[in-house]
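J.: Before I ask anything, let me first share the structure, which is written out below as structure tokens.
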Amino acid sequence: MTQAAIDDCRLRQVRWLHVKTRGPSTYDDDYERTRRFYQAMGFEPLYESLTEWGPDDAALVLVLRLI
């Protein structure tokens, strides 16, 4: 499904795609796997926030340049 979304965005000439997941500052094994998955798809970390979801649940935004 992720690749289909990327392909569709490229067809629509979307420049950037972003995802948000739990950041490494509030470590969790499941979210570590999630981050590795997105990074394997080519996403790169843009920023991590301890205020967006709160200090006990860091938010990590990853981006993928499409065009």
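The values are calculated or read from the model by the stated rules, or taken from the named source; none is laboratory data. This one's a predicted model, so the numbers in the text were calculated from it and none came from an experiment. Because the Cβ atoms are built from the backbone with ideal geometry, glycine has one as well, and the counts that use them run over all protein chains shown. When the accessible area is computed, the model is the full protein with side chains, heavy atoms only, and any ligands, DNA or RNA have been set aside. Shrake-Rupley method; radii C 1.70, N 1.55, O 1.52, S 1.80 Å.
J.: Out of the residues in the stretch 9-23 that are aliphatic (A, V, I, L, M) and farther than 9 Å from Val61 by Cβ, state the one that is nearest to the chain's Cα centre (by Cα).
T.: Looking only at the stretch 9-23, we keep the residues that are aliphatic (A, V, I, L, M), and these are 11, 14, 17, 19.
Narrowing the set further to residues that are farther than 9 Å from Val61 by Cβ leaves 11, 14, 17.
On the way: Leu11: 20, Val14: 16, Leu17: 9 Å.
Across the stretch 9-23, the extreme among qualifying residues is Leu17.
J.: Restricting to the stretch 8-31, count the residues that are open to solvent by less than 100 Å² (accessible area, probe 1.4 Å) and hydrophobic (A, V, I, L, M, F, W, C).
T.: Counting residues in the stretch 8-31 that are open to solvent by less than 100 Å² (accessible area, probe 1.4 Å) and hydrophobic (A, V, I, L, M, F, W, C) gives 4.
J.: So how many residues does the stretch 43-67 have that are over 10 Å from the mean Cα position of the chain (by Cα) and open to solvent by less than 60 Å² (accessible area, probe 1.4 Å)?
T.: Counting residues in the stretch 43-67 that are over 10 Å from the mean Cα position of the chain (by Cα) and open to solvent by less than 60 Å² (accessible area, probe 1.4 Å) gives 5.
J.: Assess whether Glu44 counts as being in contact with a strand residue (DSSP E or B) (Cβ under 9 Å, 6 or more places away or on another chain), among the charged types (D, E, K, R) and closer than 19 Å to Ile67 by Cβ.
T.: Working: in contact with a strand residue (DSSP E or B) (Cβ under 9 Å, 6 or more places away or on another chain): yes; among the charged types (D, E, K, R): yes; closer than 19 Å to Ile67 by Cβ: yes.
Criteria met by Glu44.
J.: On to the next question. Can you find a residue in the stretch 32-40 that is of a type outside the set (Lys, Arg), open to solvent by less than 50 Å² (accessible area, probe 1.4 Å) and in contact with a Ser or Thr (Cβ under 6 Å, 6 or more places away or on another chain)?
T.: yes
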